[in-house]
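Structure first, commentary second.
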Amino acid sequence: MIECIFTLDYEIYGDGTGSLRELVYEPTEHLRAIFEKWGARFVNFVEVAEFELIESAGTDSAIGLVKQQVEAMHRAGYEIALHIHPQWYNARFDQGCWHLDYSEYNLCTLPQARIAEIVDRSVDYLRHMVADPQYTPLSFRAGNWLFQPTCNAAKELSRKGLRIDSSVFKGGLQLNHHLDYRPAMKNGYYWPFSSDVNNSDPAGPWLEVPIHTELVAPWNMATSKRMGMGNSFGATSTNLRKKFNRALDFMRFRYPLKFDFCRMTLSEMTSMMERVSAKDHRDPETFRPIVAIGHSKDLNDLQAVDVFLSYLRDQRVPVATFENVFSKIKKANPIPEPVF
C-alpha cells in the first residue's frame, strides 16, 4: 500500500536573504488552495529560528502574515512540524542584511547543553506560532538534512515529544558536513532507530520516514527546470576545498534524486510514482509511505503540483501526513516510548 506525504520546508533563503511575503506567505497560500481543492493536506516544516529572529528584530513586516498563516493551517488540519537552521540563533542584523553564525550550522555537532537550549527555544516559538502553549510537534527535519551524529539531538528532541524524523535521503553524501546517508540504503521505506539514524533498531523510540529518492546518473539531475532554478538554498562557499568536496559529492556513478515536487517536472514525478506503483503491485502487503519534499521559496510551478494531485487521485494513492502514518505504523508494530 502506498501513501504519499507532501512536506514543505517553509523558509527564506539559507543565507538570510529574501522577502517573507514573496518566498513564504504567498507561495504557501497558493499551495494551500491547490491541496484544499483536492481535499488533501501537507506537512509544513516551519523553520522557527529565522521567524523568531525576524520578529524580534522587526526586519520584515510580513512576519505577522506568516504567523497568521501557520496558526490558520494548524486549525485547518495541516501538520505543523519542526524545522531548525540553528545558525540563525546567534544571527545579527547589520546594514540591511543578516549575518548568520555558521559555527552552529549543524545542530547535531553542538554541545548537548546547547542542543537542549535550541530545542526548547524552537518548540516554544512553534507553540507561539500556532497559538497553542500545549502544542507538541510530532515530526522533525534538520536544517540542510544534517541529522548526524544523531544521538544527542535525537535525545533532546525526544524529551520535547518528537517521534518522527524526515531528514534522511537515502544515498545522500555531503563531505563538507560529514553527512553520509549511504548506509541507509539497506533499510526499507521507514525504520525505527535510536542513536544512529542510519541504523534500524527495533527497540528505538524514533521513526525515520525518509525523503524518497532514486539513484540516477549525475547528468540526469541537469533538467532544464532544475538548472533554471539555480541555487535557491542561499550563498555557496567560496572556499576552494569546500567547492572541491561538493564536486566530489556529485562525482559518483549513481546520485540520489529526491522526490522534489518543486524541482521535478510533472513527467518526472509521475514516472517516479509509476515505478513505486510497479513494486506495490508485486508486493501489495508492504506499506510504502513516500515522502515528497518542496520549499516555499521554490514554488513556481503550481500547475504541475495540481495535475500531479489529480494523477494521485486517479491512481487511488492517498495523500497523508506523518500523523496519519505514525498511528498506522504504531498500530502494526508498537514503537517503544522514549526513556530519559
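The values are calculated or read from the model by the stated rules, or taken from the named source; none is laboratory data. Only a predicted model underlies this, so the values are computations on that prediction, with no experimental measurement involved. Counting neighbours? That spans all protein chains shown, and the Cβs are built from the backbone with ideal geometry, glycine included.
Quick check, is SER167 more than 27 Å from ALA57 (Cα to Cα), hydroxyl-bearing (Ser, Thr, Tyr) and outside any strand (DSSP E or B)?
When the stated conditions are applied, SER167 passes them.
Collect the residues in segment 2-25 that are under 16 Å from CYS262 (Cβ atoms) and assigned to a helix (DSSP H, G or I), keeping them in residue-number order. Before the answer, list the steps.
Keep residues of segment 2-25 that are under 16 Å from CYS262 (Cβ atoms), which gives 4-14, 18, 22-24.
Within segment 2-25, GLU22, LEU23, VAL24 qualify.
Which of the residues that make up segment 43-86 are among the β-branched types (Val, Ile, Thr) and crowded, with 20+ Cβ neighbours inside 10 Å?
Passing the criteria: VAL43, VAL46, VAL48, ILE54, ILE63, VAL66, VAL70, ILE80, ILE84.
For segment 255-309, which positions are more than 27 Å from LEU20 (Cβ to Cβ), of a type in the set (Asp, Glu) and assigned to a helix (DSSP H, G or I)?
Result: GLU268, GLU274, ASP280.
Identify all residues within segment 78-125 that are basic (Lys, Arg) and over 15 Å from VAL48 (Cβ atoms); write none if there are none.
ARG92, ARG114
Anything in segment 94-133 that is part of a helix (DSSP H, G or I), farther than 21 Å from LYS160 by Cα and among the polar types (S, T, N, Q)? List them, or say none.
Residue satisfying the conditions is SER103 alone.
When only residues in segment 14-38 that are aliphatic (A, V, I, L, M) and surrounded by fewer than 21 Cβ atoms within 10 Å (Cβ to Cβ) count, which is nearest to ALA62 (Cα to Cα)?
Selected residue: ALA33.
Within segment 4-20, work out how many residues are under 16 Å from GLN87 (Cα atoms) and of a type in the set (Gly, Ala, Ser).
Qualifying residue count for the region: 2.
Quick one: is GLN315 over 18 Å from GLY188 (Cβ atoms), more than 23 Å from the chain's Cα centre (by Cα) and modelled with pLDDT of 85 or more?
Yes: the conditions hold for GLN315.
Collect the residues in segment 310-329 that are part of a loop (DSSP other than H, G, I, E, B) and either basic (Lys, Arg) or surrounded by fewer than 21 Cβ atoms within 10 Å (Cβ to Cβ) (or both), keeping them in residue-number order.
Scanning segment 310-329 gives GLN315, ARG316, VAL317, PRO318.
List pairs: first residue in segment 1-25 and touching a residue at least 24 places away in the same chain (Cβ under 8 Å) and within 23 Å of ALA142 (Cβ to Cβ), second residue part of a strand (DSSP E or B) and among the hydroxyl-bearing types (Ser, Thr, Tyr) anywhere in the structure, Cβ distance under 9 angstrom, at least six positions apart or on different chains.
Partner pairs satisfying both residue conditions: THR7/SER139; VAL24/TYR10.
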